[in-house]
Amino acid sequence: MAKHDKDATFVGDSRISAKRIPNIAPSYSDYPGKSEPFYPNFLLKEWMVAAVCLVGFLVLTVSHPSPLTDKANPNDTSFVPLPDWYFLFLYQLLKAPWASGDWVVLGTVVLPGVAFTALLLAPWLDASKERRPHKRPIATSIMMLSLVSIFYLTWAAMDEHNKQHPSNHGGGSAGGAPAAAPSEKANPDFKAGELWTAQQSCKGCHGVNMEGVAAPNLQKVGSRLSVDEIAKVIKDGRGAMPPGMFQGSDEDLKKLAEYLASLK
């Protein structure tokens, strides 16, 4: 019978070392500046950075309060609702003919559902070990296309909104003229002329003395718009103000426009 080695145990045809050496990590002193223990060294640094960022964020929120719009006014028909900026690209997407109308389900459910599902499954759909973008053309191309599309649709939505509703963009209204600045208040001593008091449809929104009710103050509209611009707004409408509100002849329209343009 063969003599057994003290440091070895025979199991069939395999030889396993009987002397077990514990799995001890090498000393970090052997790699100066290249490695460190996760706890507490690395974790402490992460906590310190997170604390600084949190304090900075809190300071910003206290020193610069979130801007709020005017209080909700059910009588203000000039307000045009608009989604928050991070939903603008979806809002603009729904304006496409193939994502609205009879195809609205495609724009509201199918396309966003496919996009977000693909985002969730991305680690399994692309299991490449390459980390360089040019070595992963498909994933890189899809990501760049998504980013460009989101940025473009967000810009397009805001640009189109500002062009179609310039009064809302500048704090104005649907009354046919840009609204007065928030600091500009109606003059309580102002008395409208007979040309204005005869316009029942206009007084309902702009007030008996043009002080502004559901529409802006027009007591100084002449300082902002010319005669032709005022006449065009009265005739064609602007913003939430529909066309055809003025009931009268072209001569009456011209007289009213000239009167409003004289208010400076």
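Restricted to the stretch 62-103, and to residues that are surrounded by 10 or more Cβ atoms within 10 Å (Cβ to Cβ) and hydroxyl-bearing (S, T, Y), which residue is modelled with the highest pLDDT? In this case the residue turns out to be Y91. Scanning the stretch 82-138 for residues being under 27 Å from the mean Cα position of the chain (by Cα) and either at positive phi or of a type in the set (G, A, S) (or both) gives a total of 9.
One line per residue, one yes/no per condition, for (1) over 20 Å from P74 (Cα atoms); (2) touching a strand residue (DSSP E or B) at 6+ places or on another chain (Cβ under 6 Å); (3) surrounded by fewer than 20 Cβ atoms within 10 Å (Cβ to Cβ):
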| position | (1), (2), (3) |
| --- | --- |
| A192 | yes, no, no |
| L195 | yes, no, yes |
| Q200 | yes, no, yes |
| H206 | no, no, no |
| V213 | no, no, yes |
| Q219 | yes, no, no |
| S223 | yes, no, yes |
| I230 | yes, no, no |
| M241 | no, no, no |
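Whenever a residue of the stretch 186-214 is among the aliphatic types (A, V, I, L, M), its partners that are not in a loop (DSSP other than H, G, I, E, B), lying with C-beta atoms within less than 7 angstrom and at least six residues away or across chains, give the pairs L195/K255; L195/L256; L195/Y259; M210/W196; V213/C205; V213/H206; A214/C205.
Restricting the search to helices (runs of 4 or more DSSP H) fully inside the stretch 189-261 and requiring at least 2 residues that are farther than 19 Å from Q164 by Cα and under 39 Å from the mean Cα position of the chain (by Cα) gives 200-206, 227-236, 250-261. Looking at (1) modelled with pLDDT of 85 or more; (2) outside any helix (DSSP H, G or I); (3) of a type outside the set (V, I, T), can you tell me which one W47 breaks? With respect to (1) modelled with pLDDT of 85 or more; (2) outside any helix (DSSP H, G or I); (3) of a type outside the set (V, I, T), W47 is out only on (2). Restricting attention to the stretch 31-68, the residues that are of a type in the set (S, T, Y) and more than 30 Å from D84 (Cβ to Cβ) total 3. Scanning the stretch 76-120 for residues that are outside the structural domain of F151 (by TED's automatic domain parsing) and small (G, A, S) gives a single hit, S78.
Checked against (1) modelled with pLDDT of 80 or more; (2) not in a helix (DSSP H, G or I), K19 meets all criteria but (1).
The values are calculated or read from the model by the stated rules, or taken from the named source; none is laboratory data. These figures come from a predicted structure and were not determined experimentally. Here the Cβ is made from the backbone with ideal geometry for all residues, glycine too, and neighbour counts use every protein chain on show.
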